[in-house]
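Peer 1: The structure's right below; bear with me while I get my questions together.
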Amino acid sequence: MKEKFVGVMPPVTTPFAADGALLYDALESNLHHYLKTSVSGFLLLGSNGEAPHLTDSEKIEVIRRADSLIPSDRHLLVGVGSATLKGSLDFLEDIRDFRVAAVLVSVPSYYKNRMKDQALYRYFSTIADQSPFPVLLYNVPQFSGLELSPEVIGELAGHRNVAGMKESSGNLIYVQRVLLATQGHDFEVILGSADILGPALVLGIKAAILAVACALPELAVSLLADYREGKDIRQQQLRLLKVSRLLTAQYGVPGLKSAMDLVGFQGQFCRLPLLPLESAEKSAIEEAMRPLLDEHSIPKASLAN
């Protein structure tokens, strides 16, 4: 049976040392602290996890450690991204024994001009045929340079092993087109953009994987809770939009990790070619986050103790 996803999930970042070494203990520390919050699950090896910068053996070790820590009442999602069908299938075979609720499969985008609807349908349907886990399509055109058409998504929605998709374009019109194309199917759209979380809730979205939750997990969680209680969430959405655009659209993963460091998570370094922020950029993030930290009673570095 396809698992139903609800609530907010952070796309867990991967901490690196200054020399590029993967800090597994820091990763485990972050997961322990997230488990003290109200997040409903975790995405490992997503875009914010710098998955393209990890070796296959590192990816498997990240999943192994997460699998050993995350209890069964929280979702464990894993990103799968390869330039080839064989690469994706081989990786799925390597992780088949882990307790994974679903895999998030990226659009193969190296040969963009040949990735027409027919090629993409065949790619995702073949993976779904052979995957030991339910498949979530991953639409993130700002990284891949490609957008999955609602028509292809509608066709894939009928596959027994396609559970839904993570939609990260931030395009509310596109989200509505996908919802229309998948009506009548057991298919769930998980939002990947905090910019439109409030409006998406009105459309019936019930789950979100949001980068801002890596630094401020309760910010989006409280917005969802207030919406369910019928409260006015407009001001919360505007605050979420401001910090989200700063941490993701403007400064990317280095900015997100800097924000995590501010509140005591172990953001640490990125791997090259991603460079650390300049001091002025760090100051801009701290200034933008200060009112949110005060409002949510999160003193600096409190989570590190």
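The values are calculated or read from the model by the stated rules, or taken from the named source; none is laboratory data. Since the model is a prediction, treat every value here as computed from it, not as a measurement. Because the Cβ atoms are built from the backbone with ideal geometry, glycine has one as well, and the counts that use them run over all protein chains shown.
Peer 1: Look at the range 13-56 and say how many of its residues are under 22 Å from residue 200 (Cβ atoms) and hydrophobic (A, V, I, L, M, F, W, C).
Peer 2: As a first pass, look at the range 13-56 and keep what is under 22 Å from residue 200 (Cβ atoms): 37-43, 46-48.
Imposing the further condition that a residue be hydrophobic (A, V, I, L, M, F, W, C) reduces the set to 39, 42-43.
Total meeting the criteria: 3.
Peer 1: Kindly provide the set of residues from the range 67-97 that are farther than 18 Å from residue 30 by Cα and either of a type in the set (A, V, I, L, M, F, W, C) or surrounded by 21 or more Cβ atoms within 10 Å (Cβ to Cβ) (or both), ordered by number.
Peer 2: 79, 80, 81, 83, 85, 88, 89, 91, 92, 95
Peer 1: Could you check residue 208 against (1) under 17 Å from the mean Cα position of the chain (by Cα); (2) assigned to a helix (DSSP H, G or I) and say which number it fails?
Peer 2: Only one criterion in (1) under 17 Å from the mean Cα position of the chain (by Cα); (2) assigned to a helix (DSSP H, G or I) is unmet by residue 208, namely (2).
Peer 1: Determine, yes or no, whether residue 132 is modelled with pLDDT of 95 or more and either β-branched (Val, Ile, Thr) or part of a loop (DSSP other than H, G, I, E, B) (or both).
Peer 2: On the way: modelled with pLDDT of 95 or more: yes; either β-branched (Val, Ile, Thr) or part of a loop (DSSP other than H, G, I, E, B) (or both): yes.
Considered against the rule, which asks whether it is modelled with pLDDT of 95 or more and either β-branched (Val, Ile, Thr) or part of a loop (DSSP other than H, G, I, E, B) (or both), residue 132 comes out as yes.
Peer 1: Shifting gears a bit: Kindly evaluate residue 149 against the criterion of being closer than 27 Å to residue 244 by Cβ, surrounded by fewer than 22 Cβ atoms within 10 Å (Cβ to Cβ) and over 18 Å from the mean Cα position of the chain (by Cα). If you could, list the steps in order and put the result at the bottom.
Peer 2: Values: closer than 27 Å to residue 244 by Cβ: yes; surrounded by fewer than 22 Cβ atoms within 10 Å (Cβ to Cβ): yes; over 18 Å from the mean Cα position of the chain (by Cα): yes.
The answer is yes for residue 149.
Peer 1: Within the range 261-277, which residues are assigned to a loop (DSSP other than H, G, I, E, B) and farther than 19 Å from residue 216 by Cβ? Reasoning before the result, please.
Peer 2: In the first step, residues of the range 261-277 are kept if they are assigned to a loop (DSSP other than H, G, I, E, B); the result is 263-268, 270-277.
270, 271, 272, 273, 274, 275, 276 - these are the residues of the range 261-277 that are assigned to a loop (DSSP other than H, G, I, E, B) and farther than 19 Å from residue 216 by Cβ.
Peer 1: Out of 47, 82, 68, which single residue is hydroxyl-bearing (Ser, Thr, Tyr) and in a helix (DSSP H, G or I)? Break it down stepwise before answering.
Peer 2: On the way: 47 fails: in a helix (DSSP H, G or I); 82 fails: in a helix (DSSP H, G or I).
From the options 47, 82, 68, the qualifying one is 68.
Peer 1: So which of 143, 124 ends up being buried (at least 19 other Cβ atoms within 10 Å of the Cβ), more than 22 Å from residue 199 (Cα to Cα) and not aliphatic (A, V, I, L, M)? Outline the logic, then answer.
Peer 2: Working: 143 fails: buried (at least 19 other Cβ atoms within 10 Å of the Cβ).
On inspection, the qualifying residue turns out to be 124.
Peer 1: Okay, next question. Looking at the structure I just gave you, is residue 241 in contact (Cβ under 8 Å) with a residue 40 or more places away in the chain, in contact with a helix residue (DSSP H, G or I) (Cβ under 7 Å, 6 or more places away or on another chain), part of a helix (DSSP H, G or I) and within 26 Å of residue 76 (Cβ to Cβ)?
Peer 2: Working: in contact (Cβ under 8 Å) with a residue 40 or more places away in the chain: yes; in contact with a helix residue (DSSP H, G or I) (Cβ under 7 Å, 6 or more places away or on another chain): yes; part of a helix (DSSP H, G or I): yes; within 26 Å of residue 76 (Cβ to Cβ): no.
The answer is no for residue 241.
Peer 1: Okay, next question. Scanning the range 266-286 for residues that are in contact with a Pro (Cβ under 9 Å, 6 or more places away or on another chain) and of a type in the set (A, V, I, L, M, F, W, C), which turns out surrounded by the fewest Cβ atoms within 10 Å (Cβ to Cβ)?
Peer 2: Checking each candidate, the answer is 275.
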